[in-house]
1. Among the residues of segment 100-107, are any open to solvent by 20 Å² or more (accessible area, probe 1.4 Å) and within 16 Å of ligand 1 (Cβ to nearest atom)?
2. Can you name every residue in segment 19-40 that is in contact with a Phe, Trp or Tyr (Cβ under 8 Å, 6 or more places away or on another chain), open to solvent by 60 Å² or more (accessible area, probe 1.4 Å) and over 22 Å from TYR148 (Cα atoms)?
3. Could you go through segment 3-17 and let me know if any residue there is part of a loop (DSSP other than H, G, I, E, B) and at pLDDT 90 or above.
4. In segment 164-176, what residues are without any contact (Cβ under 8 Å) to a residue 24 or more places away in the chain and in a helix (DSSP H, G or I)?
5. Please determine whether any residue of segment 73-87 is more than 18 Å from the chain's Cα centre (by Cα), over 30 Å from MET178 (Cβ atoms) and not in a helix (DSSP H, G or I).
6. Which of the residues that make up segment 83-97 are surrounded by 14 or more Cβ atoms within 10 Å (Cβ to Cβ) and either under 20 Å from PHE7 (Cβ atoms) or in contact with a strand residue (DSSP E or B) (Cβ under 7 Å, 6 or more places away or on another chain) (or both)?
7. Could you list, in sequence order, all residues of segment 117-129 that are in a helix (DSSP H, G or I) and either in contact with a Lys or Arg (Cβ under 8 Å, 6 or more places away or on another chain) or open to solvent by 60 Å² or more (accessible area, probe 1.4 Å) (or both)?
8. Please count how many residues of segment 135-158 are closer than 18 Å to MET17 by Cα and surrounded by fewer than 16 Cβ atoms within 10 Å (Cβ to Cβ).
Amino acid sequence: MFILQMFGWLVFSCILMSFIEHQVHAQLMHRRNYFSDRSPKYKRVFEAHAIKHHGHYSKIFSDEPVPEGEDEEIRLTVHKAPMKSIPAAALIALFSWQGAMIFVAVITFHHWAWNKIHLEMHKPEKRGFSNWPIYKFLAEYHWLHHRYPNKNFNVVFPFADYVLGTCAKPNAEDLRLMHAQLEPELVPQREYANVR
Ligand SMILES: [Zn+2]
Ligand SMILES: [Zn+2]
C-alpha cells in the first residue's frame, strides 16, 4: 500500500511538473509579462530564452559542441530547483510529507534532465542516451517547438501540451526538414524507401 501511494505521488508530481514546465515556458520564457516588466530577473528570463535562445536556434537547430562556460541559454540551474519547488511542495506537504519530498526530487530531476537532453539537441556530442527512442521523440518534439514557438512548450514531460491543445502538428515539409537535421545519416535510406 505504501509503495502504491508513493508511486501515486510520483505520477502526480510528473503531471504537475508537466503543467508547471508548460506554463513557465509559455508565460515567463516566451512572453513579456507582469513580472518581466517589473523585475530585471524575470526580464532576463524572457530575453535569454525568447530572444537569445530562439534567435540563435531559429534557422539551424544544432551547431558545434558547447564551449566551456557557454551554452546559448540551453541550461537551467539545477541547484536552484529545490528552492523553486517550495510553494508547491509546501501545499503537497499539507497532505503528505513524503509526497512533498517526491515532488522536490521530480523538479530536481526535471532540471537535470532538461540540461542533459536540451544540450544534446542543440550541441550534439552523441551522448550515451542519444539513440534511446524516448530521447529521439523528445528531440523531434523540441525541434517542432523551435519551428512553431507557440507550440510544444513541454521539453522533459510532454503531457500538458496534449491537454491544453498546444501540440504542433508537423506537415510533410516539417518532417522532411526535421529528419534531415536530426538524423542526416538516415535521410538517403528514407528517400530510398519512399521511392520504392
Ligand atoms: Zn531549445
Ligand atoms: Zn521556447
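1. Within segment 100-107, the first condition is being open to solvent by 20 Å² or more (accessible area, probe 1.4 Å), and the residues that meet it are 101-102, 104-105.
Remaining after also requiring within 16 Å of ligand 1 (Cβ to nearest atom): none.
Within segment 100-107, none of the residues are open to solvent by 20 Å² or more (accessible area, probe 1.4 Å) and within 16 Å of ligand 1 (Cβ to nearest atom).
2. PHE35 - this is the single residue of segment 19-40 that is in contact with a Phe, Trp or Tyr (Cβ under 8 Å, 6 or more places away or on another chain), open to solvent by 60 Å² or more (accessible area, probe 1.4 Å) and over 22 Å from TYR148 (Cα atoms).
3. Of the residues in segment 3-17, the ones part of a loop (DSSP other than H, G, I, E, B) are none.
Checking segment 3-17: not a single residue is part of a loop (DSSP other than H, G, I, E, B) and at pLDDT 90 or above.
4. Filtering segment 164-176 down to residues without any contact (Cβ under 8 Å) to a residue 24 or more places away in the chain leaves 165, 167, 169, 171-173, 175-176.
The answer is ALA172, GLU173, LEU175, ARG176.
5. Among the residues of segment 73-87, not one is more than 18 Å from the chain's Cα centre (by Cα), over 30 Å from MET178 (Cβ atoms) and not in a helix (DSSP H, G or I), which makes the answer no.
6. Restricting attention to segment 83-97, the residues satisfying the condition of being surrounded by 14 or more Cβ atoms within 10 Å (Cβ to Cβ) are 84-85, 88-89, 92-93, 96.
Across segment 83-97, the qualifying residues are SER85, ALA88, ALA89, ILE92, ALA93, SER96.
7. First, pick out the residues of segment 117-129 that are in a helix (DSSP H, G or I): 117-122, 128-129.
HIS118, LEU119, GLU120, GLY128, PHE129, listed by residue number.
8. At the first step, the residues of segment 135-158 found to be closer than 18 Å to MET17 by Cα are 138, 141-142, 151-158.
Next, only the ones that are surrounded by fewer than 16 Cβ atoms within 10 Å (Cβ to Cβ) stay: none.
Number satisfying all stated conditions: 0.
The values are calculated or read from the model by the stated rules, or taken from the named source; none is laboratory data. None of these values were measured; they are calculated from a predicted model. Please note: Cβ atoms are built from the backbone with ideal geometry, for glycine as well, and neighbour counts cover all protein chains shown. SASA here: full protein model, heavy atoms, side chains in, ligands and nucleic acids out. Shrake-Rupley method; radii C 1.70, N 1.55, O 1.52, S 1.80 Å.
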